[in-house]
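Input: a single structure, listed below in structure tokens.
The values are calculated or read from the model by the stated rules, or taken from the named source; none is laboratory data. Here the structure is a predicted model, which is why all the values come from computation and not from measurement. Every residue, glycine as well, gets a Cβ built from its backbone with ideal geometry; the counts of neighbours run over all protein chains shown. Note: accessible area is taken over every heavy atom of the protein model, side chains too, but ligands, DNA and RNA are not part of it. Shrake-Rupley method; radii C 1.70, N 1.55, O 1.52, S 1.80 Å.
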2 protein chains.
Amino acid sequence: MIKNVVIIGAGNLATQLALTFQKNGILVKQIFSRTAESARELAGKLNCDFTSDLSKLQAEADLYLIAVKDSAIREVLENISLDENRLIVHTAGSVPMNILDGFTRNYGVFYPLQTFSKNREVDFSIIPICIEANHPSNLMKLQELADKLSRSVHQINTDDRKTLHLAAIFANNFVNHFYTIGENLLQEKKLNFDLLKPIILETAAKIETLRPADAQTGPAKRNDQTIINAQLKMLQNKPELQKIYSFVTESIFQVHQKHNHDLL
Amino acid sequence: MIKNVVIIGAGNLATQLALTFQKNGILVKQIFSRTAESARELAGKLNCDFTSDLSKLQAEADLYLIAVKDSAIREVLENISLDENRLIVHTAGSVPMNILDGFTRNYGVFYPLQTFSKNREVDFSIIPICIEANHPSNLMKLQELADKLSRSVHQINTDDRKTLHLAAIFANNFVNHFYTIGENLLQEKKLNFDLLKPIILETAAKIETLRPADAQTGPAKRNDQTIINAQLKMLQNKPELQKIYSFVTESIFQVHQKHNHDLL
């Protein structure tokens, strides 16, 4: 059973995971960050040890959890020197589990499908945690650990996890960028972004009861060329937004043409 | 003071507005829809008169509210024959107020900035209602009416309303389409869309406390070419999604490059 953990990373995900572990009785023994200041800050919140030197990781932890940016995972692995039986997981959606192969005998993935900010607390109990491991006994350990944090734990292999991550890029990263575009359009006219907040919240809330394809409304779905052309014209000095507008509009039209067709 | 209303239209917006008027003590005298069945259905919910013949609109109402698709507004106006002093409004984000000019002496716009479904009740009290009128006395009437429904009433002219509508297309229509894309990607791998719901809800909830530009995360913002290229490859059989992925990624990178630059 995993009773304690060393966390490698001090960013948004590392912070939220560390706080959640502690809240659920799993001891965070140590925080590593390349930036000593970040490590100290997070360790301060947890009242635990910290280091900015990978060679000084505590030797005796039940789990080593890597929560650094994807491109730094390999570098971390190449610079730690732990007993070859230590259980190590990474937390990345798009990185295969087997990146850990050769660095330890016991490894896996612990991927919470959520967007994290350092200073915004999240309710972990509803967050899907996707786990994968190189051995059934490791999978069982990760399942037990994840069950302590969340009611939504899923055994998901590397391929499916990549698909989940890609879908989340659309539904989170790209969606948030469209909020930004909305805010910027309003700002130019000195209109308050608060005006958009109710429609943003309702758009998201709808998916609890409606399939998104059924919730679609607007000129693109209706193929209302008068509005579409007028709005493209409003974007004439913003060629990059014009392109996005055109392609997303075209995609909505195609999906719903097909959708309507499927219903026949 | 507006005490009663004739509603022209029986779609999502007409339905929700009619129900909200009734709930707030404004009498819905009559529903018009070109489709008699739709008119009957909504009138049944309200226990009021209905017609599918524009020449049979009740002559004596304080307000005639047009809630049909944009492209049908002119046709409606050309086919009604009311006293030239009747107050008529439309409810469309992108249609100028002056489309009503020449059809009556008293006119305006009553635009609730929200996404509506026929069978999903919404809390009108937080919905921004954007009003415009051709005369201060009409504006006052619309303000009084809107105040009965919502705590968020705004006098917005045609140009600014167009900008609001365009911003809402990004933040609602396009966002919802990205939920659909996410669902479709998961469906292909038989993964459950429920897995995405927490991140969708959290992405929207974040804007209550964070500016969307500050909430942005992900490979595009970090310009993580490894993930970006891997995800583009996953979309290789979906050229239209590949294009959207590329352009939105590029746009995120540009905005945040600029954003980072602005912070220097």
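The table for this structure:
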read-out: Options B:Ile199, B:Ile181: the member that is at the interface with another protein chain (Cβ under 8 Å from one of its Cβ atoms), in a helix (DSSP H, G or I) and either in contact (Cβ under 8 Å) with a residue 40 or more places away in the chain or in contact with a Gly (Cβ under 7 Å, 6 or more places away or on another chain) (or both); value: B:Ile181
read-out: Residues satisfying the stated conditions in the range A:223-243, i.e. in a helix (DSSP H, G or I) and touching a residue at least 12 places away in the same chain (Cβ under 8 Å); value: A:Ile228, A:Gln231, A:Leu232, A:Leu241
read-out: Selected residue (criterion: surrounded by the most Cβ atoms within 10 Å (Cβ to Cβ)) from residues of the range B:73-100 that are of a type in the set (D, E, K, R) and in contact with a strand residue (DSSP E or B) (Cβ under 7 Å, 6 or more places away or on another chain); value: B:Arg86
read-out: Residue check for A:Asn172: open to solvent by 10 Å² or more (accessible area, probe 1.4 Å), under 16 Å from the mean Cα position of the chain (by Cα) and not acidic (Asp, Glu); value: yes
read-out: Total residues in the range B:84-117, condition part of a loop (DSSP other than H, G, I, E, B) and within 11 Å of chain A (Cβ to nearest Cβ); value: 9
read-out: Subset of the range B:107-124 (residues that are touching a residue at least 24 places away in the same chain (Cβ under 8 Å) and open to solvent by 30 Å² or more (accessible area, probe 1.4 Å)); value: B:Lys118, B:Glu121
read-out: Residue match in the range B:141-159 (condition: open to solvent by 10 Å² or more (accessible area, probe 1.4 Å), assigned to a helix (DSSP H, G or I) and small (Gly, Ala, Ser)); value: no
read-out: Members of the range B:1-45 found to be crowded, with 16+ Cβ neighbours inside 10 Å, assigned to a loop (DSSP other than H, G, I, E, B) and not small (Gly, Ala, Ser), listed by number; value: B:Ile2, B:Ile26, B:Arg34
read-out: Some residue of the range A:9-19 being out of contact with any strand residue (DSSP E or B) (no Cβ under 9 Å at 6 or more places or on another chain), in contact (Cβ under 8 Å) with a residue 40 or more places away in the chain and small (Gly, Ala, Ser); value: yes
read-out: Residue in the range B:47-54 that is in contact with a Gly (Cβ under 9 Å, 6 or more places away or on another chain) and in a loop (DSSP other than H, G, I, E, B) present; value: no
read-out: Any chance B:His165 is more than 15 Å from B:Asn24 (Cβ to Cβ), in contact with a strand residue (DSSP E or B) (Cβ under 9 Å, 6 or more places away or on another chain), within 11 Å of another protein chain (Cβ to nearest Cβ) and in a strand (DSSP E or B); value: no
read-out: The one condition in (1) at pLDDT 95 or above; (2) open to solvent by 10 Å² or more (accessible area, probe 1.4 Å) that B:Thr217 fails to fulfil; value: (1)
read-out: From B:Asn192, B:Asn237, residue being more than 7 Å from chain A (Cβ to nearest Cβ), out of contact with any helix residue (DSSP H, G or I) (no Cβ under 8 Å at 6 or more places or on another chain), open to solvent by 10 Å² or more (accessible area, probe 1.4 Å) and farther than 16 Å from A:Phe178 by Cα; value: B:Asn237
